[in-house]
Structure formats: C-alpha cells, structure tokens
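The structure appears right after this line, and notes come after that.
Please treat every number below as a calculation from the coordinates, not as lab data. In this text, all values refer to a predicted model and were calculated from it rather than measured experimentally. Virtual Cβ from ideal backbone geometry, glycine too; neighbours counted across all protein chains shown.
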Amino acid sequence: MNKFFKIFFNTLFIFHCSSDVSSEDILSDNSGNEGGGDFTGGSNQTIPELTVELISTYNNQTASFATPYGSFMRNFIVHTPPNFDYQTESLPLLFVLHGYTGRAPSIREYSGFDQIADEERFIVVYVQGTTDQFGNTGWNVNLVASFLGVDDVGFFKALIKYFKASYNIDSNKIFSSGMSLGGFMSYRLACELEEINSIGSVTGSMARYYQCNPPKKSSIIHFHGMNDAVVPYNGVEWSYSAKAAHDFWKNHNQCNSQNEITIPDFNGDGEHTTRLISYDCEENKSVELYSLEGEGHTWWKKSWGHDINTSELIWQFFQSQ
C-alpha cells in the first residue's frame, strides 16, 4: 500500500465511522466510576512484559486496568462472572475490540457480553486501542498509517500471558471478537497468534495489504451487512470481500463440506440473512459467514430491530470450538 493511499484511507475511514449512527462513538462512555465495590477478579500478578495497575472499579465483577507497553499506556476493562474464584475455576477468555475511533467502554455497553459472561461463565476483556496523533483510536492492521508503529499483536500476546498467570484461564478457550477495525484486528490475531482458538468479526474483514500466514487452524465467524458503505461486503482495494475472507479460512482449515441456510425474517421487513457454513474441516474447525441483506455498518441486535443477536451467536459459536 503506498503512502498516499494509507493517508487517504485514514481520512475516508474517519468520515464513515463518525457518521455511522450505529457506531459506538455516539454511545455513552462510562468513566469507570459507576458504582464502587471491590473487584474480585484474578490474582494481582505481574509478568515481565506487563506491569498492570488497577485504575477504577465499576463493581465487584468489573474493573479497568492500565499497563505500559512499548511507547504507550494500554488500558482494558475486565469483567468476571459472579463468584469467580481463580484458584478453583478455569474459564474461557474473550477479547472484545472496538472499531476505529471507538472506545472500550462503549462496546462493552452495546455488545452486552457482560450479561452473556455471567450466564455462560467466561471472562470478557474489552481492550482499548491506542490513540494516534489525530486523536483517533484504532489498531495496527496495516490499514491506517498512523497506527503502523504500534505492536498490537505483541500486546495481545502479553495480555494472554498475563491472564493465564492471574486468572487461571483455559488455554484452549481464548477468543477474540471485534467491530469494524476491531474485526480486522481479530483476524490479524488469528493470523499470528497460536494462542487464539477462534475469532468473530462484525463488519470487519481481512486487510489486503497484509500477508496472513496462520500458525494453526482456527474457526471463524463473520457478520457483514450487504449494504455496508464503510467496509464494503464485496471488498475494495484494501479489504477482502466477506466471501473471500470466508474462502481463505475454509481453504486453510481444509473444509470439505458447505451448506447455506436462510435465517427467519425476525423483524418482518422482507430482507433476509443467509448463513454460509463450511464444515467437515481438519481439527473439527468450522467457518461461518452471516450475510445480512439490506444492512449496513453496525452491531446487530433483535432489540434494535434486526433479525439476529450478534453477541449471542458469537458466543454460541465459540462454545462449540
């Protein structure tokens, strides 16, 4: 990707994300001072790569933390299910990543993963991207020029090591999901980190200017609006189409069978969602693509008038991996 295009893309992405009425940017940003209480998460251990400090406590299940890494102070919010005891219980770990210009507290609010984690018993971590010189937040997925110097992959590798040491997580159940640029970042983690079991992407895809060489087989679930004007469903110069991303992982996982079904029209608008499933893959992996007719760049919830609940489907998919 040439320098001009990276700068142009930076400007284009700012315009689209800030104008998306369903973007996390318009949602309230909880400061972390919403309740008090004593956080009862994992042990307070330090690993060589990270020195983690408690910043604020939301309640006895949720708190925000900070740690220096590279040239940046990195932040993340941790939510544990009720009565979690790291000494006796080993739980799955889910990273949830916001989109370009987004914030971790906002995707925590609209994704609803706290409630799912409470019911299904897993640890969910909402990671904050870095802020560039323009004041925008994001991830280094080889798309936005101002983030190219950020070692996000190294940071997530260190975070995984920290959570293994401090929260006794199940090493076979480490997942990442994200919205838009956070979806691109989740794909990059699957491309580079052996520790990642499976990923979910909502309106994000794979960057064309990045060479993906996965260290292992990984299961993938992808949701994309067919009218998405920010990250086009059919792909552009800088992004794989949703179907091309699906085919990449279908081929990598050596899936032998495929099936497509139509999801019931829950909201009665006459537009449908199709679910493409590639299965009978090596190591029991699977690859799924939800293509949403008439939909744009958003997170999907039935309570918002959509046909599906994105977060619930993501966790159901991860549970089977």
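For the chain, the antiparallel share of DSSP beta bridges with both residues in that region comes to about 55%. In this simple spin-label model, placing a label point 7 Å from the Cα along the Cα-to-Cβ direction at both Lys161 and Asn83 gives a separation of 3.5 nm. Taking the number of Cβ atoms within 10 Å of each Cβ as an exposure proxy, the fewest-first ranking of Met185, Met73, Met226 is Met73, Met226, Met185.
Note: relative contact order over the chain, using C-alpha pairs below 8 Å and six or more positions apart, is 14 percent. Length gained on full extension, Glu282 to Asn59: 76.1 nm, using 0.36 nm per residue less the C-alpha separation.
The simple spin-label model puts a point 7 Å past each Cα toward its Cβ; for Phe134 and Asp151 those points are separated by 2.6 nm.
Sorting Val150, Val124 by the number of Cβ atoms found within 10 Å of their own Cβ, with the fewest placed first, yields Val150, Val124.
Using helices alone, I'd like the mean residue ellipticity at 222 nm for the chain: each DSSP H run of four-plus residues gives -39500 (n - 2.57), total over residue count, nearest 500. Value at 222 nm, helices only, nearest 500: -8000 deg cm²/dmol. With R₀ fixed at 30 Å, the C-beta to C-beta distance from Gln254 to Ala66 puts the FRET efficiency at about 0.10. Over the C-alpha trace of region 172-290, radius of gyration and Dmax come out as 13.9, 43 angstrom. Charge tally around Gln258: other residues with Cβ under 13 Å, Lys/Arg +1 each, Asp/Glu -1 each, net -1. Sparse packing (at most 15 other Cβ atoms within 10 Å of the Cβ) combined with a DSSP loop state is found for the following trypsin sites (Lys or Arg not before Pro) in region 81-175: Arg121. At an R0 of 35 angstrom, the distance between the Cβ atoms of Asp170 and Glu237 translates into a FRET efficiency of 0.35. At q = 0.16, 0.17, 0.20 Å⁻¹ the log10 of I(q)/I(0) for region 51-187 amounts to -0.79, -0.90, -1.25, computed by Debye summation with a single uniform scatterer per C-alpha, solvent ignored.
In this structure, Ile47 and Ile263 have a Cβ-Cβ separation that, at R0 = 30 Å, corresponds to a calculated FRET efficiency of about 0.10.
Once the gyration tensor of the Cα atoms in region 3-319 is diagonalised, the equivalent ellipsoid follows with semi-axes of 28, 22, 20 Å, ordered largest first.
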